[in-house]
Amino acid sequence: MQVGNKEKIAPEALISKFEITRLLKQDQNGRRIVLLGSIDSQQGLLTAERTAFATESLAALKAFHSAITRVNNLGDNDIYRWYLASSGIDSDGHPSHDLKLNLIWPCTEQHIKKYSDQVLRMVTETPEIYRDYIRPYMQAKREEGRLNWVFNILEGRTEQEDVILRDEGEGPEDAFLMLPDLNWDRKTMGSLHLLALVHRRDIWSLRDLMKRHVPWLKYLRKRVLEGVVKVYPGLEEDQLKLYVHYQPTYYHFHIHIVNVMLEAGSTQAAGKAFGLENIISQLETISGDENASMADVSLTYFLGEASELWTDIYAPLKQGTKPAMEN
């Protein structure tokens, strides 16, 4: 996504330019808030984390925003930026980096829906629903350019200083790289959260995984675990959890690596996170030849009622009508 001349604005300056419209969401026992606002008339989302937030009024939210100082940009890629900042003075009388900020700007209506509080629904995606409706939806989203930030990383244009492991494997289809997730503060081992991005582009989600991919998945798991404990020697392999999301936020296969002690929020809940080891086991035991795949089974997961997958596909199916898919 192009931001035109606004791309030249220093990342740190964007935080003070952010004009708050309203609170979208507060979670993790009040330690994280998601704010909707704008910068130069373009909508954006600002996520902030700390010990607790006062959210009882718009005035309280604006007071919190005004108190943000010492903004330190950790990185930026396409429309995504992440920071450490201070919201006050520590016990020694110095500004403390007690805030983790994420800024999405410009954001889309889909971003706003994703980060808003909403009622959740459990859905069962059959192989037929996946083939007829979900797969075309995935393809449409990929064609909208929503993977630019992923390709920026894989092709060496952004975030290269953050890459903690590169593995070329025995060929292009084996290659992957690993870097911190934008929600991790990059220092607290108890909340470690990393991403492994594969280079190959033929696997959009776990639905594309086939029995013939089992050796590759085992190789990925082995190299990821070895890489993490080498970079962070205070951790051991059995302190790490590997999983993939379904539905994922973006349709390019990636693996989440977290400390098993990390508080399990909604992104790690059943119906969202699928353990890598369990996926491998399911592929090993699924009936059929080497092309038998996760597209051949039913998957149950949850969706927010504001999600396009719910409004455009599952809600009509629940009502007994055929979803109207755009060409």
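FYI, it's all coordinate maths here, none of it is from the lab. Being a predicted model, the structure only gives us computed values, none of them experimental. Ideal geometry is used to build each Cβ from the backbone, glycine not excepted, and the neighbour counts take in all protein chains shown.
Per-residue ellipticity at 222 nm from helix content only, as computed over the chain with -39500 (n - 2.57) for each DSSP H run of at least four residues, stands at -6000 deg cm²/dmol. In terms of surrounding Cβ atoms within a 10 Å radius of their Cβ, 119, 71 rank from fewest to most as 119, 71. Applying a DSSP loop filter and a limit of 12 other Cβ atoms within 10 Å to the GluC sites (Glu not before Pro) in segment 138-209 leaves 144, 155, 168, 170. Extending 7 Å from Cα along the Cβ direction at residue 278 and again at residue 262 yields two label points whose distance is 1.7 nm. Cβ-Cβ distance of residue 63 and residue 8, R₀ of 35 Å, FRET efficiency by 1/(1 + (r/R0)^6): the value works out to about 0.70. The relative contact order of segment 120-318, computed from alpha carbon pairs under 8 Å that lie at least 6 residues apart in sequence, is 28 percent. Mind checking the angle between helix 214-231 and the chain's longest principal axis? C-alpha axes, 0 to 90 degrees, to the nearest 10. Between helix and principal axis, roughly 30 degrees. Among the GluC sites (Glu not before Pro) in segment 230-318, those located in a DSSP loop and surrounded by at most 16 other Cβ atoms within 10 Å of their own Cβ are 236, 263, 290, 305. If a/c stays under 1.5 just call it rounded; otherwise compare a/b with b/c (prolate if a/b is bigger, oblate if not). Do that for segment 182-307, with a ≥ b ≥ c from the square roots of the Cα gyration tensor eigenvalues. Here segment 182-307 falls in the oblate category. Overall form of segment 163-202: prolate. Here a/c, set by the Cα gyration tensor axes a ≥ b ≥ c, is 1.5 or more, and a/b is the larger of a/b and b/c. Principal-axis analysis of the Cα atoms of the chain puts helix 276-285 at an angle of about 10° to the longest axis.
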